[in-house]
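The structure appears right after this line, and notes come after that.
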Amino acid sequence: MTILFRGGRVFTPRGVLAEAVLVRDGVIAAVGPEAELARLAPGHDTVDLGGGLLTPGFVDAHAHPVQAGLERAKCDLAEIFGLDAYLERVRAYAAANPHKEWIDGGGWDMSAFPGGLPHRSQLDFVDRPVYLIQRDHHAAWVNTRALELAGVTRDTPDPADGRIERDPDGTPSGVLHEGAMDLVGLLTPRPTAADLDAALADAERHLFSLGVTGWQDAIVGSYAGSDDQLPTYLSAAGSGRLRARVVGALWWDRTRGLDQVEELLERRRSAEGLERFSAGSVKIMQDGITENFTAATLEPYCRCGGTGLSYVDPGKLKEYVAELDRHGFQVHFHAIGERAVREALDSFEGTRPANRHHIAHLQIIEPSDVPRFAALGVTANLQMLWATHHAQMDELTLPFLGEPRSSWQYPFADLLAHGTRFCAGSDWPVSNADPVQALHVAVNRTEPGGSVHAGYPTARTPFLPEQRIDLATALTAYTAGSAWINRSPAGVIEVGRPADLAVLDRDPFDLPEADIWTAKARMTFVDGVAVHED
């Protein structure tokens, strides 16, 4: 089959230069002027770009699609905001599901509550246990019945890797942070294999609708009450149901050490020979998040003290990473606080850049560590969408970071100036999976117009505007950069590459920068076959 994409512009490695692309049998055959390409393939099918932009399919370098699919099928709070809206959704879900033993789901936003903390009593109108994961997946909101079933009382100690939020008398208040989530989460009903298969299929459809043709699943393993998703991916890829190009980042169990490496090797081997899925990355979560003071910092948080948590002993981390590197694994870090970023960078000293290691999130980087990314060959995995003024930033982060640390957040321009390689991801369902919204933030450092936070008073005030990057750089990170991290042959529009493509309904390079967010994916192709049409 031969297809000519015409009637718009094309984003190539050298910028928006071409006007047409010819695809033959799922592979890009030619890029150039429309008239010239049309002569090469008489009788071709045509896709009219309608004045929009043809771009490589987006590749999300840090997402949790199966988890997102599961949450979309439960009590999903992700697209609404505020206590009243949450309670209305919980009430409606409980009424629609009278036979469910638990009311579970998630997506609530810390900034909807004073101090970022809901209370168990707010959910006690439900006659069943309730377990709702916070949007960032670093806390859970539960009701009194759930705590009773789990036996969590004022006498229950905090786990080493988490915290039970408490009332003044020591009674658990209904918020469980980090490792404490398991105290209740492990009691919730487990999804079946069919549930997980359906969740992956739903997530893939949603990502295709946004122009995403590949991703790295940042947790493939059991964590915080989640279920191992490796069998789901192996089944979908082995049967041909998985059409996206996916890498699974195997979960590093922070309660164990080098004894788990052989298991990781076996899990990697289980995916060998599959066309659409591989498992050559290992995910290490080194700290938590700033809003609940579990992100690892160099100096104490203002007002509350403490320097957060390093989940993996920094003294052992270098040994673990060196062993993974020796076996050819890519290491994919979660690091939010500046101490966690430094610990991750320290662990990469002496490793091989060919293994394409990367650090995700990178909320705070102490300035002297910025040049180390390029020096060590470590890729910065950007979650661009987070670099704005919104309630969680202005009310739950800035007051507790203080200066100069507040000004070290999401330093995209500084990393770029030092030659750092970029990839990009959404962390969906933690945040919106739409790459165009993230591109908007990278360029503007303001909330996109369609965001649930767009009405916040400072949402249109640029957040550290000196750290903006240009649209071409951001788009390259979300396509070629993330494809490179995944060792994917896609991500670039050039001859010989797979025709994994997205058609945007308007050309963001022609839009005012403040309107980038309005562009939408109209069509998505994998190997030249349409997998989404709006």
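Can you confirm whether LEU309 is touching a residue at least 24 places away in the same chain (Cβ under 8 Å), closer than 27 Å to VAL430 by Cα, in a loop (DSSP other than H, G, I, E, B) and not polar (S, T, N, Q)?
yes
I need the full set of residues from segment 335-347 which are surrounded by 24 or more Cβ atoms within 10 Å (Cβ to Cβ) and either without any contact (Cβ under 8 Å) to a residue 40 or more places away in the chain or not in a helix (DSSP H, G or I) (or both), in order please.
ALA335, ILE336, GLY337, VAL341, SER347
Mind counting the residues in segment 280-301 that are farther than 13 Å from PHE333 by Cα, of a type outside the set (A, V, I, L, M, F, W, C) and part of a loop (DSSP other than H, G, I, E, B)?
8
Can you tell me which condition ALA454 does not meet? The list is (1) surrounded by fewer than 18 Cβ atoms within 10 Å (Cβ to Cβ); (2) among the small types (Gly, Ala, Ser); (3) not in a loop (DSSP other than H, G, I, E, B), and all the others hold.
That leaves (3) as the condition not met.
Go through segment 272-314 and count every residue that is under 22 Å from the mean Cα position of the chain (by Cα), small (Gly, Ala, Ser) and under 30 Å from ARG245 (Cβ atoms).
Total satisfying the criteria: 4.
Could you tell me which numbered condition LEU210 fails, if it satisfies all but one of (1) surrounded by 24 or more Cβ atoms within 10 Å (Cβ to Cβ); (2) in contact with a helix residue (DSSP H, G or I) (Cβ under 7 Å, 6 or more places away or on another chain)?
Condition (1) is where LEU210 drops out.
Given the criteria surrounded by fewer than 20 Cβ atoms within 10 Å (Cβ to Cβ), out of contact with any strand residue (DSSP E or B) (no Cβ under 9 Å at 6 or more places or on another chain) and either over 30 Å from LEU40 (Cα atoms) or touching a residue at least 60 places away in the same chain (Cβ under 8 Å) (or both), does GLY496 qualify?
no
From the list ALA340, ALA354, ALA344, which residue is closer than 19 Å to PHE400 by Cβ and among the hydrophobic types (A, V, I, L, M, F, W, C)?
Going through ALA340, ALA354, ALA344 in turn, just one is closer than 19 Å to PHE400 by Cβ and among the hydrophobic types (A, V, I, L, M, F, W, C): ALA340.
Is it true that some residue in segment 27-42 is closer than 30 Å to ILE485 by Cα, touching a residue at least 12 places away in the same chain (Cβ under 8 Å) and touching a helix residue (DSSP H, G or I) at 6+ places or on another chain (Cβ under 6 Å)?
Checking segment 27-42: at least one residue is closer than 30 Å to ILE485 by Cα, touching a residue at least 12 places away in the same chain (Cβ under 8 Å) and touching a helix residue (DSSP H, G or I) at 6+ places or on another chain (Cβ under 6 Å).
Taking the criterion of being assigned by TED's automatic domain parsing to the domain that holds VAL526 and not hydrophobic (A, V, I, L, M, F, W, C), would at least one residue in segment 15-23 satisfy it?
Yes, that holds for at least one residue.
Looking at ARG190, ARG205, can you tell me which residue is of a type in the set (Lys, Arg) and at pLDDT 95 or above?
That would be ARG205, the only listed residue that is of a type in the set (Lys, Arg) and at pLDDT 95 or above.
Only one of these is within 22 Å of ALA218 (Cα to Cα), under 20 Å from the mean Cα position of the chain (by Cα), part of a helix (DSSP H, G or I) and touching a residue at least 40 places away in the same chain (Cβ under 8 Å): ALA438, ALA433. Name it.
Being within 22 Å of ALA218 (Cα to Cα), under 20 Å from the mean Cα position of the chain (by Cα), part of a helix (DSSP H, G or I) and touching a residue at least 40 places away in the same chain (Cβ under 8 Å) holds for just one of ALA438, ALA433, which is ALA438.
Identify, please: which residue in segment 136-160 is without any contact (Cβ under 8 Å) to a residue 60 or more places away in the chain and acidic (Asp, Glu) and is, among those, nearest to ALA295 (Cα to Cα)?
If we take residues in segment 136-160 being without any contact (Cβ under 8 Å) to a residue 60 or more places away in the chain and acidic (Asp, Glu), then ASP158 is nearest to ALA295 (Cα to Cα).
With the condition kept exactly as written, say whether any residue in segment 43-53 is over 32 Å from the mean Cα position of the chain (by Cα), closer than 30 Å to VAL246 by Cβ, in the same structural domain as LEU511 (by TED's automatic domain parsing) and surrounded by fewer than 23 Cβ atoms within 10 Å (Cβ to Cβ).
Within segment 43-53, one or more residues are over 32 Å from the mean Cα position of the chain (by Cα), closer than 30 Å to VAL246 by Cβ, in the same structural domain as LEU511 (by TED's automatic domain parsing) and surrounded by fewer than 23 Cβ atoms within 10 Å (Cβ to Cβ).
For segment 33-67, which positions are under 30 Å from LEU382 (Cβ atoms), of a type in the set (A, V, I, L, M, F, W, C) and assigned to a helix (DSSP H, G or I)?
Scanning segment 33-67 gives a single hit, VAL66.
Tally up the residues in segment 75-113 that are surrounded by fewer than 20 Cβ atoms within 10 Å (Cβ to Cβ), of a type outside the set (Phe, Trp, Tyr), in contact (Cβ under 8 Å) with a residue 12 or more places away in the chain and more than 21 Å from ALA391 (Cβ to Cβ), please.
Qualifying residue count, segment 75-113: 4.
Could you pull out the residue among PHE463, PHE525 that is farther than 27 Å from GLY26 by Cα, crowded, with 16+ Cβ neighbours inside 10 Å, modelled with pLDDT of 95 or more and aromatic (Phe, Trp, Tyr)?
After ruling out the rest, the residue left standing is PHE463.
Would you point out the residue of segment 114-125, among those that are under 19 Å from CYS75 (Cα atoms) and surrounded by 19 or more Cβ atoms within 10 Å (Cβ to Cβ), that is nearest to the chain's Cα centre (by Cα)?
Among those residues, the one meeting the criterion is PRO118.
If you take the residues in segment 166-193 that are small (Gly, Ala, Ser) and under 24 Å from the mean Cα position of the chain (by Cα), which one is surrounded by the most Cβ atoms within 10 Å (Cβ to Cβ)?
The selected residue is ALA180.
Take the residues in segment 14-24 that are farther than 15 Å from PRO498 by Cα and not small (Gly, Ala, Ser), then tell me which one is surrounded by the fewest Cβ atoms within 10 Å (Cβ to Cβ).
Looking at the filtered set, the residue picked out is ARG14.
Quick one: GLY162 ticks every box in (1) buried (at least 24 other Cβ atoms within 10 Å of the Cβ); (2) in contact with a Leu (Cβ under 8 Å, 6 or more places away or on another chain); (3) closer than 18 Å to GLY116 by Cβ; (4) not hydrophobic (A, V, I, L, M, F, W, C) bar one, so which box is it?
Result: GLY162 fails condition (1) only.
Against the conditions (1) in contact with a strand residue (DSSP E or B) (Cβ under 7 Å, 6 or more places away or on another chain); (2) assigned to a helix (DSSP H, G or I); (3) buried (at least 22 other Cβ atoms within 10 Å of the Cβ), where does ILE28 fall short? Just the number, please.
(2)
Among the residues of segment 483-503, which ones are more than 20 Å from CYS423 (Cα to Cα) and not small (Gly, Ala, Ser)?
VAL495, VAL503
Exactly one of (1) surrounded by fewer than 18 Cβ atoms within 10 Å (Cβ to Cβ); (2) out of contact with any strand residue (DSSP E or B) (no Cβ under 9 Å at 6 or more places or on another chain) is unmet by ALA472. Its number?
It is condition (2) that ALA472 fails.
The values are calculated or read from the model by the stated rules, or taken from the named source; none is laboratory data. Remember, predicted model here, so these are calculated numbers, not experimental data. For neighbour counting, all protein chains shown are included, and Cβ atoms are generated from backbone atoms with ideal geometry for every residue, glycine included.
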